[in-house]
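The values are calculated or read from the model by the stated rules, or taken from the named source; none is laboratory data. Not measured: the values here are computed from a predicted model. Cβ atoms come from the backbone with ideal geometry, glycine included; neighbour counts cover every protein chain shown. Keep in mind that these areas ignore ligands, DNA and RNA; they rest on the heavy atoms of the full protein, side chains included. Shrake-Rupley method; radii C 1.70, N 1.55, O 1.52, S 1.80 Å.
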Amino acid sequence: MAPGAITDESNSTLAVPDKQTATPSLYSGVSQEEYQKKSEKYLLNYGTKFHKDVITGARGLFVYTASGHKVLDWTSGQMSCLLGHGHEEIVKVISDHALDLDHLFSGMVSPPVISLGERLCEALPAGLDKAFFLSTGGESNEAAIKMAKVYTGKFEIVGLGASWHGVTAQALGAQYHFGRKGQGPLMPGMLMLPAPNAYRSVFRNPDGTYDWEAELEYGWRMIDMQSCGSLAACIVECIQSSAGMHVLPPGYLKALKKHCETRGMLLIVDEAQTGVGRCGDFMAINHEDVVPDILTLSKTLGNGLPLSAVVTGEEIERVCVERDYCFYTTHVNDPLPAAVGDKVLEIVMRDDLVTKSRKCGEILHNGLKELQSRYGCIGDVRGRGLMAGVEIVSDRTTKEPALELAKRIGDHAYELGVWANLSSHPSFGGAFRIAPPITITEAQLKDGLAMFEQAFRGTEGTMPLY
């Protein structure tokens with residue numbers, strides 16, 4: 001197949017000009033320029049610049065713009081559309097429940113919520129036995145941190161450098177990637193371990209390999225010196241996606257749990273992006289055979305709808321009930337999103353999409369490493385399953401980030417027809433985040449890789465090595 005070709009859902013091969021004809025959508029007939037004017041006039045900035053194109057449609061693996069461009073979505077929306085956009089079984093569930101069972105009083109329970117709780121807890125390791133459901137990842141982490149504080153009777157929370165857990169008060173306090181400035185004091189008792197960045201960490205063995213054990217021990221010594229003796233929990237992502245797809249080193253999560261147990265703390269694992277098969281295991285914790293005290297899920301569980309979960313064991317629930325734990329919200333255990341989450345889990349298990357994610361992940365990572373062998377600007381390729389990070393540098397020896405070059409590569413890739421998220425924030429390091437729906441075909445994956453290579457080949461400054 002020629003570089004710059006894509007395969008649509010019918011498996012027919014299409015050439016990729018700069019602009020493709022979009023399929024008809026609900027919002028066809030209004031010009032890109034008119035949409036942009038109204039966007040600038042009426043929409044409030046919430047911390048990011050809007051992308052130049054207005055998206056008028058999303059179907060399967062593709063998004064469509066008002067200007068007529070068709071783009072392969074390598075980020076699953078906001079890393080959430082695990083099964084792709086407009087999945088027909090998900091659409092039917094939404095339609096059925098919007099008609100017959102949409103929203104209830106928060107103290108009521110419904111069959112979709114019970115079914116989702118059963119299906120999820122039966123699929124998780126013993127010790128993660130009971131769940132409740134909220135709307136966003138930040139909300140689930142907020143609930144989990146509060147649960148840990150109520151259960152332990154302590155208040156200090158440890159997070160990892162470069163983490164992202166949400167923008168509500170306690171979640172933001174444990175988040176060290178972005179969003180902490182400009183609002184005065186954050187929650188008290190929030191402490192930070194060094195970010196486990198194998199590519200850039202200064203902790204090295206004599207042979208130059210990453211010495212994460214020494215870094216982790218150093219971090220906990222700093223925590224112990226800072227702590228006032230009220231350590232409640234540590235919250236962690238198994239793959240730090242917002243930081244640039246940094247994977248915890250093998251053994252790190254087990255060591256982290258041991259450190260928590262030694263100090264009488266709980267371990268909270270945030271599987272917002274890694275959960276439900278995205279990283280080649282049903283959950284990232286399965287890869288390391290570690291059972292946290294509390295697990296949070298979001299994003300992938302709702303396939304793009306606002307759905308999150310807090311899962312823990314019976315003993316933690318018992319104590320929290322005795323101590324009047326409360327996280328009562330308007331949309332707790334809502335039937336409609338719960339029905340969607342239940343259907344997502346059903347499809348993932350029925351169609352063995354975890355295995356598919358693992359196999360397609362091998363194709364993705366092999367393809368990206370091949371690109372690294374051809375272009376000197378690619379400093380690092382990392383990730384697991386259908387989660388990948390590609391870090392762009394100006395010099396492989398100094399590892400100096402090349403943010404402007406990365407932006408030009410990303411813009412060119414988008415023009416060719418593939419979208420991979422890139423942040424210019426310094427803590428991100430100029431890394432592309434790639435996380436396509438796990439329903440992606442091998443052909444579509446190879447098409448995306450071909451377009452990505454074409455973007456490197458056609459961008460000045462990528463330092464070709466061939």
Under 11 Å from the Ser230 label point (7 Å along Cα→beta-carbon), backbone N, the range 147-163: 153-157
Pairwise FRET efficiency - Tyr466 versus Cys326, Cβ, R0 = 56 Å, nearest 0.05: 0.35
Estimated vicinal HN-Hα couplings, Hz - the range 317-324 in sequence order (Karplus 6.51, -1.76, 1.60; Gly, Pro = x): 4, 4, 5, 5, 5, 4, 9, 6
Label-point separation, Met108 to Glu400 (7 Å along Cα→Cβ), nm: 6.3
Point-charge dipole on Cβ atoms (K/R +1, D/E -1) for the range 20-135, about Cα centre, debye to 20: 500
For the range 21-177: rounded, prolate or oblate by the Cα gyration tensor [a/c cutoff 1.5]: oblate
Per residue accessible area in Å² of the range 63-103, where ligands, DNA and RNA are left out and the probe is 1.4 Å: 40
Positive-pole candidate from Phe203, Ser298, Met387, dipole of the chain, charges at beta carbon: Phe203
Helix-only [θ]222 nm of the chain, DSSP H runs n ≥ 4, -39500 (n - 2.57) each, per residue, nearest 500: -11500 deg cm²/dmol
Label-point separation in nm, Glu88 to Gln32, each point 7 Å along Cα→Cβ: 3.2
Across Lys299/Lys343; Lys356/Lys399; Lys41/Lys70; Lys149/Lys258; Lys154/Lys258; Lys38/Lys92, pairs whose alpha-carbon gap is larger than 24 Å: Lys356/Lys399; Lys41/Lys70; Lys38/Lys92
Debye equation applied to the C-alpha atoms of the chain, log10 I(q)/I(0) at 0.06, 0.08, 0.14 Å⁻¹: -0.26, -0.47, -1.46
Positive minus negative residues near Phe133 (Lys, Arg vs Asp, Glu; Cβ under 11 Å): -3
Accessible-area order (highest first, 1.4 angstrom probe) of the listed residues Met187, Met225, Met283: Met225, Met187, Met283
Cα centroid separation, the range 161-220 to the range 277-307 (Å): 21
Cα centroid separation - the range 371-408 against the range 56-127, whole Å: 32
The chain, dipole about Cα centre (Lys/Arg Cβ +1, Asp/Glu Cβ -1), debye to the nearest 20: 1000
Mean Cβ count within 10 Å, highest first, over the residues of peptides 31-39, 124-132: 124-132, 31-39
The range 306-372 - charge dipole about Cα centre, Lys and Arg +1 at Cβ, Asp and Glu -1, debye rounded to 20: 380
Per-peptide average of other Cβ atoms within 10 Å, ordering 100-107, 234-241 highest first: 234-241, 100-107
Charge dipole (the range 37-128, unit charges on Cβ, about Cα centre) - positive-most of Leu44, Val93, Ser80: Leu44
